[in-house]
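The values are calculated or read from the model by the stated rules, or taken from the named source; none is laboratory data. Keep in mind it's a predicted model, so treat the numbers as computed, not measured. All Cβ positions, glycine included, derive from the backbone under ideal geometry; neighbour counts span all protein chains shown.
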Amino acid sequence: MPYKTAQTAQLAAHHLEPESSEYAINSPAQVDVIAGTLPCPLCTGTLRLVEHAATTVGSVRLRVARLVCTACRAPRAVWFRLGESALH
Ligand SMILES: [Zn+2]
């Protein structure tokens, strides 16, 4: 059980990603643009956008882009926060 707990916590932390990788955007179209410029944090390879999805946390509208490195295949999630101008 201690092993499972530790593993679960590690997975959860990995999935949530630190908030430092959150970008403010004004349009959902910017997700693709910004995601295309990000290097792999592990090997600086090219990241490929797998999908992005809209989500809401409280009253904040977020989009999460799921990326995978084309070189080392490391997954990465990048969060985007839509600015107010995108809400109208
Ligand atoms: Zn990589």
Next on the checklist: Looking at the range 21-39 only, could you name the residues that are aliphatic (A, V, I, L, M), touching a residue at least 40 places away in the same chain (Cβ under 8 Å) and more than 16 Å from the ligand (Cβ to nearest atom)?
Outcome noted: ALA24, ILE25, VAL31, ILE34
Checklist entry - If the Cβ limit is 7 Å and pairs must be 6+ apart or interchain, which residue in the range 40-58 that is under 18 Å from ILE25 (Cβ atoms) pairs with which residue that is within 10 Å of the ligand (Cβ to nearest atom) and part of a loop (DSSP other than H, G, I, E, B)? => result LEU47/CYS40
Item to check | Checklist (1) modelled with pLDDT under 85; (2) loosely packed, with under 12 Cβ neighbours inside 10 Å; (3) not small (Gly, Ala, Ser) applied to GLU17, failing item | outcome: (2)
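Please work out if ALA9 is hydrophobic (A, V, I, L, M, F, W, C), at pLDDT below 65 and more than 14 Å from the chain's Cα centre (by Cα). Spell out the reasoning first.
Values: hydrophobic (A, V, I, L, M, F, W, C): yes; at pLDDT below 65: yes; more than 14 Å from the chain's Cα centre (by Cα): yes.
The answer is yes for ALA9.
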